[in-house]
Amino acid sequence: MRKNLILTAVAALVLSFMSCLPKAGKSYDASNPVAMIEALGNDIASESENWEKEQWDAMADNLETAIRNLPAQMGEDDAAIVASALQRMGVYAERHKRTASELLGVIDAYNQKATAAAASAPEAAPAAQAPVVQKAAAPQAVPAGLLVGSVIREGGYTNVRQSPSTSAAIVTKIKDGSPIYYKRYNNSWCEIYDQQGQFLGYMHSSKVVASAPTVSAPQTGRVATGTKYDWLAARYVTASDLAGMNSQQLRILRNAIYARHYRKFKDAGLRNFFNQQQWYDGLRDEIPASELNKYETYNIQFIQRYE
């Protein structure tokens, strides 16, 4: 009897331990690398707190396989899914840097390659045959049950699809920055409605901003406040502030100084990152040096030396 109780207890401990491990043997659909990357991001977000190095390395291998199978050119929705999943993975990998260094390396390598490709690629024009919802001011009354938002501002058009899938037919395109009404469909997709509250289709949630941004003319001297980057304008950066940051994180930190002054970024990677910040509104082409205080001027040069 005592032996059976001991065996039962041991079995329970093993099962408890196994439940904390990632599904290292889990099979992902390698034929759909975008969906595979999205699944990896979801798995890391939900299962990574107690992982050992072997589990992180296994996920790095899976991610590397998925990235290798990505098409040379991706549509807007697929690119947004990949960027969102990699950002989510990066957050958890950064938290467990000692065991997740290989995964961070894979993500950094992809981000650098994607940023370089975006900088050299010409702006893609919207498909001529696709109907377009023109930008218009949102009416005062919000239809019941809907949220007010806008399409992320990237200087183009964003697809609305017939069903919540990147392979679904495109119903229409909405000009970036346009106000919309929406409902959350799941973690990845939103239901999109027009200005009259009529259902249009589905848009990937990475393209939906929770509240419509102000589209007023640029204002000289206007600076965002209440952000996590405010300290960059209040004191000098030190080497200890930058310890452990990779080149991409340093680049974002340096450009956050300009972002607080609402600079409009030409680089697709920076534009995509800051467009997801609620306080950001990229309306100004350039920020004169005269608008930067002594801390901002020093910190830009200091951070750049570490990049």
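In terms of accessible area, using a 1.4 Å probe and ignoring ligands and nucleic acids, V209, V148, V91 rank largest first as V91, V148, V209. For the stretch 23-118, the dipole from Cβ point charges (+1 on Lys and Arg, -1 on Asp and Glu) about the Cα centre works out to 200 debye, to the nearest 20.
The local environment of G201, defined by Cβ-Cβ distances under 14 Å, has a net charge of +1 under the rule Lys, Arg +1 and Asp, Glu -1.
Once you order the gyration tensor axes a ≥ b ≥ c over the Cα atoms, which shape class does the stretch 155-213 get: rounded for a/c under 1.5, otherwise prolate or oblate by comparing a/b with b/c? Rounded, since a/c falls under 1.5. Judged by the ratio a/c of the largest to the smallest principal axis of the C-alpha gyration tensor, the stretch 251-307 counts as oblate, that ratio being 1.5 or greater while a/b is no larger than b/c. In the stretch 177-307, the alpha-carbon atoms span a convex hull of 126 Å³ per residue.
The values are calculated or read from the model by the stated rules, or taken from the named source; none is laboratory data. Note that this is a predicted model, so its numbers are computed, not measured. A quick note on method: Cβ atoms are made from the backbone with ideal geometry, for glycine too, and the neighbour counts reach across all protein chains shown. These area figures cover heavy atoms from the full protein model, side chains too; ligands, DNA and RNA do not enter into them. Shrake-Rupley method; radii C 1.70, N 1.55, O 1.52, S 1.80 Å.
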